[in-house]
Each structure stands twice: as C-alpha cells, then as structure tokens.
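One structure below.
The values are calculated or read from the model by the stated rules, or taken from the named source; none is laboratory data. Quick caveat, the model's predicted, so the values are computed rather than measured. Here Cβ is always computed from backbone atoms with ideal geometry, including for glycine, and neighbour counts include all displayed protein chains. Areas reflect the complete protein model, heavy atoms only, side chains present, ligands, DNA and RNA absent. Shrake-Rupley method; radii C 1.70, N 1.55, O 1.52, S 1.80 Å.
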Amino acid sequence: MSAKHDLIRKRLRDEGDKLVSLFEALNPDQWQQTVYTDGLIWSIKDLLAHQISAERKFIFYGRDILNGGEGAPEGFQINAFNNAEVASMIDRMPDQLLAEMRSVRQETIDFVDNVQDSDFDRRGRHPFFGMMSIEEMFKLIYRHNMMHTRDVRRAIGGYAHDGS
C-alpha cells in the first residue's frame, strides 16, 4: 500500500474510533439531546444515523466513480436525502447504530485498501461539494466525523469521555 492509502486508512480508523468512543460513552438522556435545529430537529442519535447513511453513500459513489460513473447525480438534493435517511433509522437503538457505524467504517477502510494509487485521482461528483477526486472524497469522510464529533461535544456541554 502507498502513503496515500496509509494516511487515509489511519485517519479513517482514528477518527472512527474517536466518534464511536464518544457515542459509546453517552448516557441514555444524552442520546436524545438536540444537536441541530435547522430543517428537521436532529438528536445525537439522529446524527449517528446520519453518519452511517452518509458514509454508505460515499462508498456507493466511490464505487460508481471507479466504474466510470459520475458519482452523485447532478442536482442531488442532499438535505432531502439526509432527512429521509435519518427518518428511516428512527427505530434503531443506539447499540444497533453503533454496530452499524463500526461495520460501515470497516467497509470504508476496505474500499480504500482496494483502490489503486492511480484511481485516487479519478474524479466524480460529491453530493455537496461538487467535482473532486476519490482521494478528496474519502478524506472528507473523516473530516465529516470530526465536524460532527465537535457538534456532539457542544450539545452535551463540552463533556468528552476520551480526555479531550
């Protein structure tokens, strides 16, 4: 594997572990804490559902780009997608969501492991940021985790169980 693979894989693993650790440390009341109020109101539990569905979609688009596709379709309605996906997981319990998050993260790492170095430069459409390389798209996955981890910490008053 190349340095690109190593960097992306390490960051995906590290940020995924931080995200899961944060969610594992929540008490039952914190899972219902509101994080976002723009559009639909999302709780911390909803946010984890979002992380899972978004990451699955990134893998789907990554595969599409590798197979010569465009990635996200032009005109993709990201807010409608996110809200529908979160709503579809409303009945899942936190432990189920955590298991799904671990699974989808491993699938993402496996995907990255199987991308050839030259294929990291293939370009396709990200659902929010537009045209970019597969490398950039998969770096955004762990940055997406970082952003939402920060928002969860804010929602629960900055309390973090991992010492940060």
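Just a few scattered comments:
- Overall form of region 87-154 per C-alpha gyration tensor (a/c, 1.5; a/b vs b/c): prolate
- Probe 1.4 Å, protein heavy atoms only - accessible area per residue of the chain in square angstrom: 51 Å²
- Relative to the Cα centre, the charge distribution of region 28-87, modelled as +1 at Lys and Arg Cβ and -1 at Asp and Glu Cβ, gives a dipole magnitude of about 140 debye.
- Charge dipole (Cα centre; +1 on Lys/Arg Cβ, -1 on Asp/Glu Cβ; no other charges) of region 73-164 amounts to roughly 420 debye.
- Cα gyration tensor shape for region 1-82, rounded if a/c is under 1.5, else prolate or oblate: oblate
- Using a probe radius of 1.4 angstrom, the carbon and sulfur fraction of the accessible surface of the chain is 50%.
- With the charge dipole of the chain set up from +1 on Lys and Arg Cβ and -1 on Asp and Glu Cβ about the Cα centre, the Cα lying farthest toward the positive end among the listed residues Leu12, Pro94, Ile109 is that of Leu12.
- In the chain, taking the dipole from charged Cβ atoms about the Cα centre, the farthest positive-side position among Gly75, Met132, Ala54 is held by Met132.
- Lys, Arg +1 and Asp, Glu -1 on Cβ, resulting dipole of the chain about Cα centre, debye, nearest 20: 260 debye
- What the Cα convex hull of the chain gives, in volume per residue, is 106 Å³.
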